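These notes concern the structure reproduced below.
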Amino acid sequence: MNNGASRVSPASLKRRHLSLDALNFFLADAKGALGPYLNVFLVTQQGWSQSSVGVVTAISGLIGIAAQTPVGAGIDATRAKRAVVLVALAALALGAIVIFAAPTFWPVLAANAVIAIIGDVFGPAVATLTLGLFARDQLASRMGRNGAFDHAGNIIIAFVAGGVGWLFGQRAVFLLVPFFAALAASAVLSIPAASIDHNRARGADAERPDGHDQSGQTRHAYRLLAVFALCAMLFHFANAPLLPLVGQKLALANQELATPLMSSCIVAAQLVMLPVALLAGQKADQWGRKPVLLIGFAVLPVRALLYTVSNNSAWLIGVQLLDGVGAGIWGVLTPLVVADLMAGTGRYNFALGVVATAHGIGASLSGLAAGLTVDHFGYGAAFVIAAAVAFLALAVLYFGLPETCIRLARCSCGSSTRCSPPSSQP
């Protein structure tokens, strides 16, 4: 186990923690000022149809998907990891300004395509900075802390966006993006470049037992990565359209309260995500990755079906609390599972890019599918389809992915320490 962080002074370690805390917090603010607010704004204020919104979501998402894996490989190769985040923040701010200035089809499509690429860069970039700043024995708790500050930022931006939307209109919310992007850039620059271990940041420091066929282990790791990527695609196909659909239902029933109601949905989930992220980071080492992931996956189909029970605003916002469990667990466990699978390969960010690609495929296609379903069959049918796909994701995870935690996964010799790659059995 790499104990490099043990040679770091307490003051330096504290500075690393504070810098990552601030980065996760302000990144959430910058990204959260777009998100589901865009769909609600286009449908309720600009008169777009569900199908038109779905087309923009699908096209921009598919363009972003094409860049995910190359971006991950590029992050593995570059030592300018802070610069990657800074460039992404600048592009995000520019995209939001374009949407504010020209909320018509082609400008929104172009801006959303850029945002789709950039939005999926942040996760791998923050994960690789975390891996490069902290030793593996500190990784689970630090990832949990990343998730907690990310969700805290989402809570704050929901309140801020709700207030701005109430006072100045939904369109003004997009101007919050460049403001918080600048604060996030300051947090990035507070991380000393020399403190990043670039070998560790790409997953090249993990120990491998002597005498094993490295190429065989690598092939097995990529097979398991493919299973995990399939889980990601199915999970996000089911999950991605739920919040926008609920926001649209609330906005259509209460147009004057569209932004505050959407903010209520976001805050409800984020208030749950924050403690869930901290708990997931702690339990991922104690219970293992798979049991924690199964909990997150099992909640999703239940949540989708519960949306069909009532159209009452209080009920819909209450059900949205369950999003905090699934999303909170997914955000923390994904970089941990990928770090487990890619240990020693030096392809950590490439693998995160693969998972992000699968995530993007699921989320992008679901936007179009959900829009068409709502237009032709109603909201209830869209929620039922999402629940069915979520059940499939749970089954693939249970039967297809073994425990990946190095300390807890059982190997062929029966010991409690992994001395060979995880078996193919769950």
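When ligands, DNA and RNA are left out and all protein chains stay put, how many square angstrom of accessible area per residue does region 115-208 have with a 1.4 Å probe?
35
Once Rh is set to the Kirkwood radius over Cα pairs, what Stokes-Einstein translational diffusion coefficient, in µm²/s, holds for region 1-122 at a temperature of 4 °C and a viscosity of 1.567 mPa s?
Value of D from the Cα-based Kirkwood radius: 79 µm²/s.
Between rounded, prolate and oblate, where does region 267-388 land on the alpha carbon gyration tensor, with a ≥ b ≥ c its root eigenvalues, rounded for a/c under 1.5, else prolate if a/b exceeds b/c? Could you put the intermediate results ahead of the total?
Numbers: a/c = 2.83, a/b = 1.51, b/c = 1.88.
Taking the square roots of the gyration eigenvalues as a ≥ b ≥ c, region 267-388 is oblate.
Across bins of 10 angstrom width beginning at 0, how are the C-alpha pair distances of the chain distributed, in whole percent?
Percent of pairs per bin, in order: 5, 23, 34, 25, 11, 3, 0.
Summing -39500 (n - 2.57) over the DSSP H runs of n ≥ 4 in the chain and dividing by its residue number, what mean residue ellipticity at 222 nm do you reach, to the nearest 500 deg cm²/dmol?
-26000 deg cm²/dmol
Does region 105-156 classify as rounded, prolate or oblate by the C-alpha gyration tensor (a ≥ b ≥ c root eigenvalues; a/c under 1.5 gives rounded; else a/b over b/c gives prolate, otherwise oblate)?
The shape class here is oblate.
Extension gain A226-F105, at 0.36 nm per residue separation less the Cα-Cα distance, in nm?
40.0 nm
Step through the residues of region 149-162 one at a time and calculate ³J(HN,Hα) from phi using the Karplus curve (6.51 cos²θ - 1.76 cosθ + 1.60, θ = phi - 60°), rounding each to whole Hz and writing x for Gly and Pro.
6, 4, 5, 4, x, 5, 5, 5, 5, 5, 5, 5, 5, x
Between Q46, Q217, Q320, which gets the highest mean-square fluctuation from a Gaussian network model of the chain, Cα cutoff 10 Å?
Q46
Would you work out the relative contact order for region 75-200, in percent, from Cα pairs under 8 angstrom that are 6 or more residues apart?
RCO, region 75-200: 40 percent.
Using a 1.4 Å probe over the heavy atoms of the protein chains, calculate the carbon and sulfur portion of the accessible area of the chain as a whole percent.
Looking at the chain in its full context, I get 67 percent from C and S.
The values are calculated or read from the model by the stated rules, or taken from the named source; none is laboratory data. In this text the structure is predicted, and so the values were computed from the model without any measurement. Just so you know, the surface numbers come from the protein's heavy atoms only, side chains and all, with ligands and any DNA or RNA stripped out. Shrake-Rupley method; radii C 1.70, N 1.55, O 1.52, S 1.80 Å.
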